[in-house]
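Step one of this worksheet: look at the structure below.
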């Protein structure tokens with residue numbers, strides 16, 4: 001696969017011309033979610049394709065990455081899928097859902113020279129939300145007040 005000349009002119013570093021490719025998918029699924037088989041498979045496929053392109057086309061100066069936004073406010077996905085209760089926000093370590101500007105800033109970063117040595121990566125833009133996928137205790141209560149959840153932890 002050759003890189004079209006116009007793509008190699010997208011961005012330039014002092015040391016080498018490079019062409020960033022950025023893919024995106026609707027949400028980051030590091031663990032299984034009920035009824036999300038086809039969507040999860042498609043997203044995993046996109047992640048794998050990006051890594052393959054990073055390896056195959058890296059010697060030609062192509063960088064390939066994926067942006068994986070979590071819940072983003074004022075979008076159709078949030079309108080359709082959000083429960084609208086405070087606990088939706090409480091499950092985000094940064095205490096808020098994302099904004100469209102969070103995704104656009106990540107895109108600008110990956111297209112910039114500041115990301116010249118980043119390829120084959122999935123960049124979650126979700127305020128740390130995916131880190132809690134397997135966390136079964138109430139968050140952030142379990143972190144801020146551990147005594148209040150001791151009764152939920154089985155003794156050895």
* To do: Subtract the Cα-Cα distance of residue 48 and residue 145 from 0.36 nm times their separation in residues, and report this length gain in nm to one decimal.
  => 30.9 nm
* **Pairwise label distance in nanometres, residue 60 with residue 154, each label 7 Å out on the Cα-Cβ vector** => 5.4
* Asked: Hey, can you rank 122-132, 47-57 by average C-beta count inside 10 Å, highest first?
  -> 122-132, 47-57
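Computed from the coordinates by the stated procedures, all read-outs in this text should not be read as laboratory data. No experiment lies behind these values; they were computed from the predicted model shown. FYI the Cβ positions are ideal-geometry reconstructions off the backbone, even for glycines, and counts take in every protein chain you see.
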